[in-house]
Amino acid sequence: MTLSFEDGGYREEADNPATNTFSLEDITPHGIPYVRSVFGDVLFDIPYYLSQEHSAKMTAAIVKEANRIYRLWCANNPGFAEYGRVHLLAHSLGSVMAVDVLSNQPTHVSPHVSSAATANEELPLDHFIFDTTSLFCIGSITGFFLLLKNSPLLPRYDRNKPDADSNNSPGVAGERGTFGCVALDNIYNVINPYDPIAYHLNACVDAAYAESLKPAYVPSSSSTWFANPFRSSKSVAATASLVKPTIARLPSTVELETHDFTREEIAEKRMYLLNDNGQIDWLLKYGGGLEIQYLTMLSAHSSYWLSRDFVRMVCTEIGRKPGKDGTLPSMRAQKKKKNV
């Protein structure tokens, strides 16, 4: 909101009368205005962000606004800096920008730094002044950017998230400053199958391991759940207490130092360090049949905000107990059955 592509916000003002200044609106034909609007709002931000001149200013604007809002929240909610948790929702190119910031984010932000941010002092423009617990990527093109930069999606070294014995073994985690090595506890990639902008992220952790997992769907929110959420929550909680996790715990530090891990074990460890459920990609059940898929595609990229299934998933995941033990059995990663 604080940046303008149309008004020359990124160009230097020139006094030379021979200098031509034109905007995106000046070069856009007036036919099929709705389709042009969709492409303009969704796609044209991407080449702007690929430009080094523009990307730094775009990222700085995001960080500045997030830090400003966080500072106001802490000022009005004493103690949140010490005990609160922050969850980010990022749509489309915003998810790429969030991953970019979290790749350069300190592994931990001390509570006193967040508390000090409530004072009238200069806020950083290169990282958030808060720790991020969860990032929900929606209609995300992050997978394409990871491919473009030839970077895997990695957990952060020394993050020490709940229920994870260690993420400091060689080859499992990465360091700050590497694109895709994010400082957070959980990342979710929610995909509408009809959305032409959305890409998978499981394969960015390990392609072979991603292929071995069953597709995961955002759980459906039935009318019963919305009519009586407490009754459903109790039944789910009771089931969760009876069902054991399908995947064994992460090995201890001693095991890490003495065990020669296979590729599959490393991939599994990375996946659980990036998401307590053991997977990152979540598909929405959406849309009509083949005969209307091209019409559905036009609205799919903005459909996430209207999905009750997605809203329920966000509420469930940010409200549950941190760590693998707090996950719902129905959302835990499942392996495909191998053909004998």
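Just so you know, in region 196-210 the residues that are under 13 Å from GLU268 (Cα atoms) and out of contact with any Pro (no Cβ under 7 Å at 6 or more places or on another chain) include one that is surrounded by the most Cβ atoms within 10 Å (Cβ to Cβ), and it is ASN202.
Tell me which helices (runs of 4 or more DSSP H) are completely within region 256-340 and hold 2 or more residues being at negative phi, modelled with pLDDT of 90 or more and touching an Asp or Glu at 6+ places or on another chain (Cβ under 8 Å), or say none if there are none.
263-274
Of all the numbered requirements in (1) surrounded by fewer than 19 Cβ atoms within 10 Å (Cβ to Cβ); (2) closer than 20 Å to GLY323 by Cα; (3) among the charged types (D, E, K, R), GLU175 misses one, and that requirement is (2).
Please find, among ALA98, ALA75, the residue that is within 17 Å of SER140 (Cα to Cα) and at pLDDT 90 or above.
Details: ALA75 fails: within 17 Å of SER140 (Cα to Cα).
After ruling out the rest, the residue left standing is ALA98.
The values are calculated or read from the model by the stated rules, or taken from the named source; none is laboratory data. Everything numeric in this text was worked out from a predicted model, so none of it was measured. Positions of Cβ are generated from backbone atoms using ideal geometry, with glycine treated the same way; all protein chains shown enter the neighbour counts.
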